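Comments concern the structure below.
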Amino acid sequence: MSLFPAEYLEARSRYRAFMDEHVYPNETAIEREDNDALALLAELREQAREAGLWAPHVPPEAGGTGLGFLYYACLNEEIGRSSYAQLVFGCQAPDAGNAEILHLFGTDDQKEQFLRPLVAGEMRSFFAMTEPDVAGSDPTLLQTRAVRDGDDWVIDGHKWFSSGADGAGFAVVFAISDPDGEPHRRGTMILVPADTEGVDVVRPVPVMGHAGRGWNTHCEVRFTGVRVPIANTLGGEGEAFRLAQKRLGPGRIHHVMRWLGQMQRAFELMCRYANGREAFGGPLAEKGTVQNWVADSAAEIQACRLLTMDAARKIDEGSEARVEVALLKVYAANVLVEVIDRAIQVHGARGLTDETPLARMAMNARAARIYDGPDEVHRMTAARRILRSYRDGEGWTFS
Ligand SMILES: Cc1cc2nc3c(=O)[nH]c(=O)nc-3n(C[C@H](O)[C@H](O)[C@H](O)COP(=O)(O)OP(=O)(O)OC[C@H]3O[C@@H](n4cnc5c(N)ncnc54)[C@H](O)[C@@H]3O)c2cc1C
């Protein structure tokens, strides 16, 4: 019996059919990131929309086809297998997280100006929080300032790792609006159209040798005297920390869902190759070390799936599941890195070439232990909450 309801599996099979027909055969062409790749992506996005597979992370009232987190987890075991598929189906990070907070906290005007075109795939967005000069793990240190001037905010600051900023239509900027306020009330999130004077997307920062283009970039961005109306405040002044939690919680579990697809793909490649490649008198599959890797990977992947489903179900039931998501994010990021690494090792030199997707998967995977909060910080926050529950006399329940 499957872990997912039959109707979710039926939906997933439609995504699988689309991936088989349109995404996997075009992966190499898309990854060239040239003009042909952009045209191809636009075509595939249109086909996904026509097939009724668009924006499965948001509900129909926000312009998508989603049915909640558990449903989305089920689909992502397929969508997550190919790194560009999230863009094809209109559910890519960071737009998905930005759509989520606009849906929850945006005013009617903000929804019309930013959310509608975002979910419709007419524009992309970026999330500008991390700064080069202070530790991103501790957002109370952020330095980007937003100062009120009449009916406007004036923003000055220096961000980096703004994913997808190249060619995006607008930014969600995390700025300090009340530097003397209580640390977690100092920040405000502000919607900034990318063509506003003073917004400078300086460069895509090369990450492990890859600078990228368009959506697949992590950019340095400067905001110099950027003036936008106070009406562009998202969710209220001083609310940035609360919104960031709301945004990053679902964002983290979305990442993990995609990693489930990546891990399973690496696992399959490892098993197939181990059965076919011979050395020292027999297939690699008969070597004890390889068998250990297969067994450990199978157990760890299934543990990640179960942790994901548990957290997704709790979120669907209205909980923030903060401990569950934090633990899941750390555990899954490490399993992801490890399983891909084992698959590469089984492939020998071929594992490092572009003849398999593994090398690119490994490059993307390493960042998983850092973005949306490094391992150490999630361990710290989860452990603190668990320990506090014992201090308060309740204790942690494995529900
Ligand atoms: C591929 C990628 C995409 C990203 N996209 C975005 C984006 O779109 N928007 C955005 O705003 N940011 C983005 N980021 C930035 C990311 O969220 C930050 O890198 C992350 O929050 C960590 O901040 P930092 O890099 O400043 O590291 P720092 O905060 O300087 O931390 C450095 C290291 O210190 C250690 N450390 C920190 N705190 C503790 C602790 N309490 N205990 C023990 N060790 C600790 C950890 O090992 C950590 O890796 C992205 C990053 C990557 C790699």
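The values are calculated or read from the model by the stated rules, or taken from the named source; none is laboratory data. For clarity, every value in this text was computed on a predicted model and none was experimentally measured. Positions of Cβ are backbone-derived with ideal geometry, glycine not excepted, and every protein chain shown enters the neighbour counts. Heavy atoms of the whole protein, side chains included, go into the accessibility calculation; ligands, DNA and RNA do not. Shrake-Rupley method; radii C 1.70, N 1.55, O 1.52, S 1.80 Å.
Global dimensions of the range 115-267 from alpha-carbon coordinates: Rg and Dmax equal 15.9, 57 Å. If you wrap the tightest convex hull around every Cα atom of the range 298-391 and split its volume per residue, you get 108 Å³.
The average projected area of the range 132-175, computed from the convex hull of its Cα atoms over all directions, is 3.8 nm². By the helix-only formula, in which each DSSP H run with n ≥ 4 contributes -39500 (n - 2.57) and the sum is divided by residues, the chain has a 222 nm mean residue ellipticity of -15000 deg cm²/dmol.
Neighbours of residue 238 by Cβ distance under 15 Å: Lys/Arg scored +1, Asp/Glu scored -1, total +1. Rg/Rh, computed from the Cα trace of the range 1-158 with Rh as the Kirkwood radius, has the value 1.04. For the range 213-319, averaging the sequence separation of C-alpha pairs within contact (under 8 Å, six or more residues apart) and dividing by the residue count gives a relative contact order of 22 percent.
What number comes out for the charge environment of residue 394, summing +1 per Lys or Arg and -1 per Asp or Glu over other residues with Cβ under 14 Å away? Computed value for this residue: +2. Taking only the Cα atoms of the chain, the radius of gyration and Dmax are 21.5, 79 Å. Taking the C-alpha atoms only, the angle from helix 69-79 to the longest principal axis of the chain is near 60 degrees. Mind checking the angle between helix 6-18 and the chain's longest principal axis? C-alpha axes, 0 to 90 degrees, to the nearest 10. Result, in degrees: 90. Straight Cα distances below 12 angstrom link residue 159 to the aspartates and glutamates 131, 133, 200, 220, with same-chain residues fewer than 8 positions distant left out.
Per the Debye calculation on the range 7-70 with a single equal scatterer at every Cα and no solvent contribution, log₁₀ I(q)/I(0) for q = 0.22 Å⁻¹ amounts to -0.96. Taking all Cα pairs closer than 8 Å and separated by 6 or more residues, the relative contact order of the range 124-257 comes to 27 percent.
Partners of residue 111 within straight-line reach, counting lysines whose Cα lies under 20 Å from its Cα and excluding those fewer than 8 residues away in the same chain: 246. The Cα atoms of the range 213-355 give a gyration tensor whose axes a ≥ b ≥ c have a/c of 1.5 or more with a/b no greater than b/c, which makes the shape oblate. How high is the relative contact order of the chain, in percent, counting Cα pairs under 8 Å that sit 6 or more residues apart? Computed over the chain, the figure is 13 percent. If Lys and Arg each add +1 and Asp and Glu each add -1, what is the summed charge of the other residues whose beta carbon sits under 9 Å from the beta carbon of residue 249? Within the 9 Å Cβ shell, the charges total +3.
Solvent-accessible surface (1.4 Å probe) assigned to residue 123 amounts to roughly 60 Å².
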